[in-house]
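Worksheet: the structure to be examined is printed underneath.
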Amino acid sequence: MIDIIPKEIINYCENHSSPESGIYHKIIQLTYKIEKIPQMLSGNMVGNVLQLLLKLMNARNVLELGTFTGYSALKMAEVLPDGGMIHTCELMDKHIKTAQHFF
């Protein structure tokens, strides 16, 4: 594996990002347990960036293409205003069932 971003930058970002709540830890654990390519999970830093972008845009509706195990969908749903909606699209039944378990 090629490291594109120096570890110091990754450590800084991890140390200065909002922490994950318990449900995200459960999604991560299950994803790494049952998936062949768990690295597809977006993770906390990406989830926080998505939340920031939605807040900056005052987004009320989100369309997510490729839900995987639901991590990023839940992160985005957290910051939508009352009445906001997120629609997710996923082709693999296995991923849909996993994500629905957490939704």
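The values are calculated or read from the model by the stated rules, or taken from the named source; none is laboratory data. Everything numeric in this text was worked out from a predicted model, so none of it was measured. Counting neighbours? That spans all protein chains shown, and the Cβs are built from the backbone with ideal geometry, glycine included. Heavy atoms of the whole protein, side chains included, go into the accessibility calculation; ligands, DNA and RNA do not. Shrake-Rupley method; radii C 1.70, N 1.55, O 1.52, S 1.80 Å.
Within the range 49-73, residues that are in a helix (DSSP H, G or I) sit with their Cβ atoms under 8 Å from residues that are open to solvent by less than 50 Å² (accessible area, probe 1.4 Å) and hydroxyl-bearing (Ser, Thr, Tyr), at 6+ positions apart or across chains, in these pairs: 50/42; 50/72; 71/24; 71/31; 71/42; 72/42; 73/67. If the condition is being in contact (Cβ under 8 Å) with a residue 24 or more places away in the chain, part of a helix (DSSP H, G or I) and of a type outside the set (Asp, Glu), then the range 74-93 contributes 74, 75, 76, 79. Taking the condition assigned to a helix (DSSP H, G or I) and either among the aromatic types (Phe, Trp, Tyr) or exposed (fewer than 12 other Cβ atoms within 10 Å of the Cβ) (or both), does residue 39 pass? Spelling it out, residue 39 is indeed assigned to a helix (DSSP H, G or I) and either among the aromatic types (Phe, Trp, Tyr) or exposed (fewer than 12 other Cβ atoms within 10 Å of the Cβ) (or both). Within the range 1-24, residues that are surrounded by 10 or more Cβ atoms within 10 Å (Cβ to Cβ) have Cβ atoms under 6 Å from residues that are not small (Gly, Ala, Ser) in these pairs: 13/45; 17/44; 17/45; 17/48; 18/48; 20/44, counting only partners at least 6 apart in sequence or on another chain.
Candidates are the residues of the range 52-103 that are open to solvent by less than 100 Å² (accessible area, probe 1.4 Å) and basic (Lys, Arg); the one that is nearest to the chain's Cα centre (by Cα) is 75.
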